[in-house]
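For reference, the structure is listed below as structure tokens.
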Amino acid sequence: MAFNGHFSCCHASGVYDISNINSSTGLPSDNVNDIFQDSKGFIWFGTTEGLIRYDGYELREYSIAGYHDKGL
């Protein structure tokens with residue numbers, strides 16, 4: 001699945017709008033395999049190049065480099 005476009009979600013306090021999350025804005029790859037929102041509100045992107053956590057402001061990469069034998 002490639003993720004390159006518009007993402008919106010609703011919350012009790014309002015509507016949040018996020019657009020253009022892709023390799024140009026910080027994702028290590030446009031090939032996104034999974035998207036998950038955890039209980040703390042972080043949105044996680046599983047890409048072919050690693051795991052990305054989005055906190056509503058910035059992306060944090062958990063790279064697979066060096067973890068092939070150990071996992072993330």
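Derivation of every value follows stated rules applied to the coordinates shown; laboratory data play no part. This structure is a prediction, so every number in the text was calculated from the model and none was measured.
Under 5 Å between amide hydrogens, built in the peptide plane, is the criterion, and for T47 it picks out N33, I52 among residues at least 5 positions away or on other chains.
Counted residue by residue at 0.36 nm each, then reduced by the alpha carbon distance between them, the extension gain from D38 to R53 reaches 4.4 nm.
Couplings 3J(HN,Hα) for segment 43-48, derived from phi with the Karplus relation 6.51 cos²θ - 1.76 cosθ + 1.60 (θ = phi - 60°), are 9, 10, 10, x, 10, 5 Hz, where x marks Gly and Pro.
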